[in-house]
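What follows is one structure encoded as C-alpha cells, with my remarks underneath.
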Amino acid sequence: MLSLPEYEVLAAQAHGHLCAGQILGLRMALYGVSLLGLSDPAGADRKRLITFVEIDRCATDAIPIVTGCRLGKRALKFRDFGKMAATFCDLQENRAVRVVARESAKQAAREMYPELPTRNQQQMSAYREMADARMFDVQWVQVSIGPEDLPGGKMPTVICDECGEGVSFARHLIRDGRTLCRGCAGERYYRPL
Ligand SMILES: [Zn+2]
Ligand SMILES: [Zn+2]
C-alpha cells in the first residue's frame, strides 16, 4: 500500500484534478480495505475484492486508485443511490463492509479549518487528518454476488426477441416465453426517435 500523499498524486492524474472528493474517496477505500484486512488490494489481493459505489461524483474516481477495482473488469459496481457510500466485498472470506461518509464530516471540516477560504480547501485539509470514525459510519453487510456478477465470468450472449440486440451476463428476462432485454422489457432510459 502507498501513503495517502502518494495515492493523491495518482488520483489527481486519473481524475484530472485534486479535490476534497478525491481525498474522501481515497480515505473511504483505505478504510474499507483495512477493515477487511487486505494489505495489497490492487496487487496480490486483487482477485478477491469487488467494490460497489453508490454515487457518481469525484470520490468515485478515487476509489479504484486504492482498490484496483475497475468497471471494465467487472470489479466495480455502480448502484445509483446518490449516497456517498461504498461497499467493499472480500470474495475469499465471504464478507463485506459498507462505508458511508458522515454528513457531519462537512461541518467538522469547517470547524477544523475556518481560516481557509473555500469549502473545498477546508475539506481537503480536514479529510487528510480526520479520524476514520469521525468521517465514516461502518456497517458489516451481506452482499449476494452471483456467478453472473463475477469478474472474468463467461456467459453466453443471448439475443433479444424484440430489438435483436445482444445481452450478456444473464441481464435478459423471459416474459411470456420471449427473451427480452431490459430496455424492451420497459426499463429503457432512452426513447427511440
Ligand atoms: Zn473532483
Ligand atoms: Zn430488446
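Just a few scattered comments:
- Contacts under 9 angstrom Cβ, first residue in the range 90-119 being open to solvent by 60 Å² or more (accessible area, probe 1.4 Å), partner modelled with pLDDT of 95 or more and in a strand (DSSP E or B), 6 or more apart: LEU91/LEU49; LEU91/ILE50; GLN92/LEU49; ARG95/CYS89; ARG95/TRP140; ARG95/VAL141; ARG102/PHE136; ARG102/ASP137
- Top-ranked residue in the range 1-47 [being at pLDDT below 95 and not in a loop (DSSP other than H, G, I, E, B); ranked as farthest from ligand 1 (Cβ to nearest atom)]: LYS47
- The condition (being part of a strand (DSSP E or B), at pLDDT 95 or above and within 15 Å of ligand 2 (Cβ to nearest atom)) is satisfied by just one residue among THR87, THR179: THR179.
- Where a residue in the range 68-84 is at positive phi and its partner, wherever it lies, is open to solvent by 100 Å² or more (accessible area, probe 1.4 Å) and not polar (S, T, N, Q), with Cβ under 8 Å and at least six apart: GLY68/ARG46
- Selection status of GLY72, away from ligand 2 (no atom under 16 Å from the Cβ) and surrounded by fewer than 16 Cβ atoms within 10 Å (Cβ to Cβ): yes
- Out of GLN107, GLN142, sole residue that is within 25 Å of THR51 (Cβ to Cβ) and either at pLDDT below 95 or not aliphatic (A, V, I, L, M) (or both): GLN142
- Verdict on PHE136 being open to solvent by 60 Å² or more (accessible area, probe 1.4 Å), aromatic (Phe, Trp, Tyr) and over 14 Å from THR51 (Cβ atoms): no
- Contact annotation: residue pairs with Cβ atoms under 6 Å, 6 or more positions apart or on different chains, pairing a residue in the range 144-173 that is under 20 Å from GLY72 (Cα atoms) with a partner that is of a type in the set (Phe, Trp, Tyr) and part of a loop (DSSP other than H, G, I, E, B), are GLU148/PHE169; MET155/PHE169.
- Filtered residues of the range 156-170 (kept if part of a loop (DSSP other than H, G, I, E, B) and more than 8 Å from ligand 2 (Cβ to nearest atom)): PRO156, THR157, SER168, PHE169, ALA170
- Inspection of the range 165-172 finds no residue satisfying the criterion of being under 21 Å from the mean Cα position of the chain (by Cα) and open to solvent by less than 50 Å² (accessible area, probe 1.4 Å).
- Residue satisfying all of: in the range 145-168; over 29 Å from GLY68 (Cα atoms) and of a type in the set (D, E, K, R); nearest to ligand 1 (Cβ to nearest atom) among these: GLU165
The values are calculated or read from the model by the stated rules, or taken from the named source; none is laboratory data. All of these numbers come straight from a predicted model, not from anything done at the bench. Ideal geometry is used to build each Cβ from the backbone, glycine not excepted, and the neighbour counts take in all protein chains shown. Keep in mind that these areas ignore ligands, DNA and RNA; they rest on the heavy atoms of the full protein, side chains included. Shrake-Rupley method; radii C 1.70, N 1.55, O 1.52, S 1.80 Å.
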